[in-house]
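Novice: A single structure is presented below for examination.
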Amino acid sequence: MTASATARADKKPGPRPAHDRAVHDRMANAIRALAMDAVEQAKSGHPGLPMGAADIATVLFTRFMKFDPADPAWPDRDRFVLSAGHGSMLIYAALHLLGYAAVTIEEIKRFRQLGSKTPGHPENFITPGIETTTGPLGQGLANAVGMAMAERHLAALFGNGIVDHHTYVLASDGDLMEGISQEAIALAGHLKLAKLIVLFDDNGISIDGPLSLADSVDQVKRFEAAGWAATRIDGHDPQAIARAIEQARGSDRPSMIACRTTIGFGAPTKAGTEKCHGSALGADEIKGARSQLGWSAPAFEIPAEVREAWRTAGSRSAEAHRTWQSRLAALDATQRAEFERRIAGALPKGKLDAAVTAVKEKLAAAPQAIATRAASELALESLAAALPEMIGGSADLTGSNNTRPKGMAVFSAADPAGRFVHYGVREHGMASAMNGMALHRGVIPYSGTFLVFSDYCRPAIRLAALMGERVIHVMTHDSIGLGEDGPTHQPVEHLAALRAIPNLHVFRPCDAVETVECWQLALEHARTPSVLALTRQNVPQLRQGLERDNRCAAGAYELVPADGPAQVSLFASGSEVALAVEARKLLDAKGVAARVVSVPCFELLAQAPEAVRRAVIGDARIRIGIEAAVRQGWDAIIGTDGLFVGMTSFGASAPAKDLFRHFGITADSIAQAALTKM
Ligand SMILES: Cc1ncc(C[n+]2csc(CCOP(=O)(O)OP(=O)(O)O)c2C)c(N)n1
């Protein structure tokens, strides 16, 4: 063998030879037994999927997957996404059997209990070896598309010797019925993500009963139509599974393998029916299953030879891991440091600060009365240059969202080094793929759509917040200020709805300077996703002069003090801050002292130290909140007796100026509200 051939062999260990059929069956039955026993003990859970998909998982994990239980975070491990998260015992059983230290038999016994490593649905932030949090069907599949995109991108930058892994998904009927799956499949097919392999647990059963009650799609044809390689096999035949996976690994397109399985395989009366989908089988059924499967070991006990076979499989990639480490060590020192920095998610701090300061200096020297979406583009020109890990995109609104800074190449099958993704009109798939990219590590995804379509992204944003992933959503056209497109496009309740999600930062900057500060905060918070709500319409630059501190960091701050002891506090966000500043002048002319507080981020204000919060809120007798959206959430700042100038209905189609007047969101009406309350 030549040296280069040896290197290749190191890099790509071929599949392990097949286990003897009897051995395979015993290994798969270990998954089935653990699933039955854990669900029975918890008196809740889903035994049907793990029992049905046990053969698939056994072949995949013991013969194909590249991973090292000793280092679940090995950057070049193959990813496995259990998109059908309700079947969590499948992955817990596999992790336990393969030797992942965190998933002990005690944890399996504590399935679904408080504080266990084996929660009801897989949580990546609880259990080492779990790649993403799944449960809401369809999300895992779309996350996996993002993981496969990140893999291609990083491979293009750092070489196949450092990044070269597959992303496998186990998806159920439910995953494929959800609309998000279409977005994910279409995007993956278009991008030719050849290292993405979906194993479809084609059991023809969902909760209500046979799939035929609700669905008659030919999934093979559907995937083929989207540019995938797709095939149908017997999901209980280990040889057929292995052959199909081998073929998929050689494909130049993403692959879907429809594995015909029997839900609850082995359960004497419930197999093949919805009765074993989501409840404990019961003692008699389990007894019958044990006898049918030829599994005589007591509950939670794995015979030594079966455990040994699984452990051997668990250590099969240790050598590949070692050779990967030596390739990383042999990398040019700068490249290696950059790869490690990016995988760790550490920002090049000095560079970020310098990029932010550069933008602020420009704005101080030549103030700009521009839309905050345009200010965001200005910020991105600097930020994206300083942070090569930023991968942008838009759901077909690139020119409106201003998310593609000049010179950012397009990510495509032909150029995976590109950093701008044309997601197409697929907001949900985009947001979910972004989660997958962030989970992969090595990239910071940001992208754009209209704020009103945050509803189309919401399930994925919620999961990003739950997982604590740094994804950044640029959401422009953030109020009636977008004008003529009318109420279908004018967000009214969206800020409140997004602010209701725990661990999500919703930023609504008032001008160009705040916009760059909010970008900085979104990037710096590594465990919190962000939404940047930005205007379509121009706004004045209210922050003049150069302030190096990030004033938005406290969530809110006094932008304009009152002339003397404040009688009125005007709190506003985004485009309405300029109205508050105008209203302050009107009040001043009437001898009323008012201060203006800009509130770019409710959540950061809520987290600020009590003294800071108190000082910002102040003690003026009259407090007025101003935001071209519903009041919900504002009482935390203005109190239940505070006044609110905003929206109480949907918007309308007209030029923006007319709409602000029509809905009474003007400097006059703000001043009038204060005077009436004096
Ligand atoms: C978005 C979403 N809707 C509904 C559910 C509730 N749910 C859990 S599993 C399931 C469908 C079960 O059918 P299938 O996906 O075929 O899984 P299997 O019965 O084969 O285990 C549903 C509706 C969910 N988890 N996510």
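Novice: What does DSSP give for the chain in terms of the percent of beta bridges that are antiparallel, rounded to the nearest 5?
Specialist: Counting DSSP beta bridges with both partners in the chain, the antiparallel share is about 10 percent.
Novice: Further question: Round to a whole angstrom and tell me the spacing of the C-alpha centers of segment 612-678 and segment 63-137.
Specialist: After rounding, the separation between the Cα centres reads 48 Å.
Novice: Which lysines, on any chain, are close to Lys406 with Cα under 27 Å apart, when same-chain ones fewer than 8 places away are left out?
Specialist: The reachable lysines, counting only those whose Cα sits under 27 Å from Lys406, are Lys192, Lys349, Lys351, Lys360, Lys362.
Novice: Please state the shape class of segment 262-415: rounded when a/c is under 1.5, otherwise prolate if a/b exceeds b/c and oblate if not, all from the C-alpha gyration tensor.
Specialist: Working: a/c = 4.01, a/b = 2.11, b/c = 1.90.
Taking the square roots of the gyration eigenvalues as a ≥ b ≥ c, segment 262-415 is prolate.
Novice: Quick one: which of 266-274, 299-307, 280-288 comes out on top by average Cβ neighbours within 10 Å, and what's the full order, highest first? Please report the intermediate quantities before stating the final value.
Specialist: Numbers: 266-274: 20.7, 299-307: 14.7, 280-288: 17.1.
The densest-packed peptide leads the list: 266-274, 280-288, 299-307.
Novice: Give a quick list of trypsin sites (Lys or Arg not before Pro) in segment 520-615 that DSSP marks as loop, anything other than H, G, I, E or B, with at most 16 other Cβ atoms within 10 Å.
Specialist: Values: sites: Arg527, Arg536, Arg543, Arg548, Arg551, Arg584, Lys585, Lys590, Arg595, Arg613, Arg614; in loops: Arg527, Arg536, Arg543, Arg548, Lys590.
Of the trypsin sites (Lys or Arg not before Pro), the ones in loops of segment 520-615 whose Cβ has at most 16 other Cβ atoms within 10 Å are Arg527, Arg548, Lys590.
Novice: Can you list, largest first and rounded to whole Å, the semi-axes you get for segment 480-615 by taking the square root of 5 times each eigenvalue of its Cα gyration tensor?
Specialist: Value: 24, 20, 14 Å, ordered largest first.
Novice: Can you work out the Karplus-derived ³J(HN,Hα) for every residue in segment 479-488? Use 6.51 cos²θ - 1.76 cosθ + 1.60 with θ = phi - 60°, whole Hz, and x for glycine or proline.
Specialist: 6, 4, x, 6, x, 4, 5, x, x, 5
Novice: In segment 147-188, how does Rg compare with the Kirkwood Rh, expressed as the Rg/Rh ratio over alpha carbon atoms?
Specialist: Ratio of gyration radius to Kirkwood radius for segment 147-188: 1.12.
Novice: Given H placed on each backbone N at 1.01 Å, which residues far from Met256 in sequence or on other chains put an amide H within less than 5 Å of it?
Specialist: When sequence neighbours closer than 5 places are left aside, the close amide H contacts are Val198, Ala229, Ala230, Thr231.
Novice: Might you work out the accessible area of Phe453 for me, using a 1.4 Å probe with all protein chains in place, and round it to the nearest 10 Å²?
Specialist: Accessible surface of Phe453 is approximately 50 Å².
Novice: Hey, another quick one. Can you list the lysines whose alpha carbon is less than 22 Å from that of Lys287, not counting same-chain residues fewer than 8 positions off?
Specialist: Excluding near neighbours in sequence, the set is Lys43, Lys109, Lys270, Lys275.
Novice: Okay, next question. Hey, what do the phi angles of segment 51-58 turn into as Karplus ³J(HN,Hα) couplings, whole Hz, using 6.51/-1.76/1.60 and θ = phi - 60°, x for Gly and Pro?
Specialist: Going residue by residue, I get 5, x, 9, 4, 5, 4, 5, 5 Hz, with x marking Gly and Pro.
Novice: Need the list of aspartates and glutamates near Lys221 for cross-linking: C-alpha distance under 18 angstrom, and skip anything on the same chain fewer than eight residues off.
Specialist: Within the straight-line cut-off, Lys221 pairs with Asp173, Asp175, Glu178, Glu183, Asp201, Asp202, Asp234, Asp252.
Novice: Give the residue list of GluC sites (Glu not before Pro) in segment 479-584 that are DSSP loop and have at most 16 other beta-carbon atoms within 10 angstrom.
Specialist: Passing sites in segment 479-584 are Glu484, Glu493, Glu547.
Novice: Moving to a separate point now. Non-local amide H neighbours of Gly345 (under 5 Å, H modeled in plane, Pro and chain starts lacking H): which ones?
Specialist: Gly442
Novice: Here is a further query. Would you please name the chymotrypsin sites (Phe, Trp or Tyr not before Pro) within segment 639-678 that are DSSP coil residues with at most 15 other C-beta atoms within 10 Å of their C-beta?
Specialist: Phe650
Novice: Another one. Sorted by packing (mean other beta-carbon atoms within 10 Å per residue), highest first, where do 102-115, 665-678 land?
Specialist: Packing proxy ranking, top to bottom: 665-678, 102-115.
Novice: Would you work out if segment 44-186 is rounded, prolate or oblate? Take a ≥ b ≥ c from the square roots of the eigenvalues of the alpha-carbon gyration tensor; rounded if a/c is under 1.5, else prolate when a/b is larger than b/c, oblate otherwise.
Specialist: The shape class here is oblate.
Novice: Direction-averaged shadow area of the convex hull around the Cα atoms of the chain, nm²?
Specialist: Here the figure is 31.3 nm², rounded to one decimal.
Novice: Please report, in debye to the nearest 20, how large the charge dipole of the chain is about its Cα centre when each Lys and Arg carries +1 at its beta carbon and each Asp and Glu carries -1 there. The partial results should precede the final answer.
Specialist: On the way: 70 positive and 73 negative charges, 175 e Å.
Dipole magnitude for the chain comes out near 840 debye.
Novice: Still on this structure, please answer the following. For q = 0.20 Å⁻¹, what log10 I(q)/I(0) does segment 495-563 give under the Debye formula with an equal point scatterer on each alpha carbon and no solvent?
Specialist: Once normalised to I(0) and log-transformed, intensities are -0.90.
Novice: Something else now. Roughly speaking, what is the centre-to-centre gap between segment 225-261 and segment 399-447 when only Cα atoms are used, to the nearest Å?
Specialist: 28
Novice: Can you show me the helix-derived [θ] at 222 nm for the chain, built from DSSP H runs with n ≥ 4 at -39,500 (n - 2.57) apiece and divided by the number of residues, rounded to the nearest 500.
Specialist: On the way: 27 runs with 295 residues, N = 678.
Helices in the chain give a 222 nm mean residue ellipticity of -13000 deg cm²/dmol.
Novice: While we're on this one: Which residues' amide hydrogens lie under 5 Å from the amide hydrogen of Ser206, considering only partners 5 or more residues apart or on another chain, with H built in the peptide plane?
Specialist: Under 5 Å from the amide H of Ser206: Leu211.
Novice: Be a star and scan segment 263-280 for residues whose amide nitrogen sits under 18 Å from the point 7 Å along the Cα-to-Cβ vector of Lys43.
Specialist: Under cut-off, by backbone N: 278-280.
Novice: For segment 153-216 and segment 315-340, write down the distance between their C-alpha centroids in whole Å.
Specialist: Distance between centres, Cα-based: 29 Å.
Novice: Shifting gears a bit: Along segment 590-597, what does the Karplus equation 6.51 cos²θ - 1.76 cosθ + 1.60 (θ = phi - 60°) give for ³J(HN,Hα), rounded to whole Hz, x for Gly and Pro?
Specialist: 8, x, 9, 8, 10, 10, 10, 10
Novice: For segment 292-331, what does the alpha-carbon gyration tensor say about shape, rounded, prolate or oblate, given a ≥ b ≥ c as the root eigenvalues, a/c under 1.5 as rounded, and a/b over b/c as prolate? List each step's numbers first, then the result.
Specialist: Working: a/c = 5.47, a/b = 4.86, b/c = 1.13.
It is prolate, given that a/c is not under 1.5 and a/b is the larger ratio.
The values are calculated or read from the model by the stated rules, or taken from the named source; none is laboratory data. Please read all numbers here as calculations on a predicted model, not as lab measurements. Because the Cβ atoms are built from the backbone with ideal geometry, glycine has one as well, and the counts that use them run over all protein chains shown. Areas reflect the complete protein model, heavy atoms only, side chains present, ligands, DNA and RNA absent. Shrake-Rupley method; radii C 1.70, N 1.55, O 1.52, S 1.80 Å.
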